[in-house]
1. Please list, in order along segment 241-246, the HN-Hα scalar couplings obtained from phi with the Karplus expression 6.51 cos²θ - 1.76 cosθ + 1.60 (θ = phi - 60°), rounded to whole Hz, x for Gly and Pro.
2. Which of the lysines could be linked to LYS5 by a straight reach, that is with a Cα gap under 18 Å, when you skip same-chain ones fewer than 8 residues away?
3. Looking at segment 34-107 only, what percent of DSSP beta bridges run antiparallel? Nearest 5 please.
4. How do 74-86, 201-213 rank on mean C-beta neighbours within 10 Å, highest first?
5. What percent do you get for the relative contact order of the chain when only Cα pairs under 8 Å and 6+ apart count?
6. Output the antiparallel fraction of DSSP beta bridges having both residues in the chain, as a percent to the nearest 5.
7. Gain in length, CYS167 to ASP206, computed as 0.36 nm per residue apart minus the alpha-carbon separation, to one decimal in nm?
8. Any idea which of CYS100, GLY121, SER111 is furthest toward the positive side of the dipole for segment 87-131, if Lys and Arg beta-carbons carry +1 and Asp and Glu beta-carbons -1?
Amino acid sequence: MTYTKLSNRDPDLQNDYMWEGSSFESVMETIRNRSITPVLPKYLKPGDWILEAGCGNGAWVQYFNEHGYRAVGIDNNPCILAQGCDKGISLIKNDVLRKCFRNDVFDACISLGVIEHFPEGPHRPLIEIKRVLKPGAFLFVSTPCNNWFRKLVNHPLRDLINLMHRCKGQQLYFTEYRFERHELVEHVREQGFEIVETIPNDYRLDQGERSIGFYTDWPPFRDRREKWKLNPLGRAVFRTLKSMSPYLVVSGVLVVARKPLK
């Protein structure tokens, strides 16, 4: 079942918090070590036009351009965009719900950690992505996942903390939805896409020292010197749960889908 994540930070402060400590160089390093990165060339050809919808500082756009694709990114946060624009990356301040592109332009679209941030649900950004994709083009979309570990431990703790905020009279703001894997697949399918595959989205799963999901959810498991790195206790818990299922430890799920040819 979908979990609704709330925060006592307003949306602007929450956005700043999520980017805290993430330089352009650190995001590039994470991209090179993501579990989803080796999958993308299965579906992309050199020279393909790729849109990143919700590009942040443009690190993914830079990565694609360095690997023989032609990429452009859009985001509505001018401060974060400035990091990439200062490096000469092709980024545009634009709303993912009203893109400044005509129909059937792109060979692929990648959107990571974006469509879950709409209180009315993910259908509107998915419809708009479909509009700008060519027939037969690929969509790579990822959102935070709702797994058993989060459902049994992390989310009840979050709900308790939110109750404490309410008791203090603090306002809570919608942050994101966390979908079950099958729910995200169904949201994408409902907008007319053909599902190709689903992939765990986090750091490479052949290592046990870094995790975006664990680091985000569990402050006691963090190495205090390096973002995304786990301390010894965190690494032990991470490896134990990973041996049961990778979906117990990853931050999100990537759905690979295709716009029909007709």
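1. Result, ordered by residue: 5, 4, 5, 7, 6, x Hz.
2. LYS151
3. 10
4. 201-213, 74-86
5. After rounding, I find 23 percent.
6. Numbers: 23 of 41 bridges.
Within the chain, antiparallel bridges account for around 55 percent of the total.
7. 9.7 nm
8. Checked the options; the winner is CYS100.
Here, each number is a calculation from the coordinates, and none is a lab measurement. Note that the structure is predicted; figures quoted are calculated from it, not measured. Backbone-built Cβ (ideal geometry, glycine too); neighbour counts: all protein chains shown.
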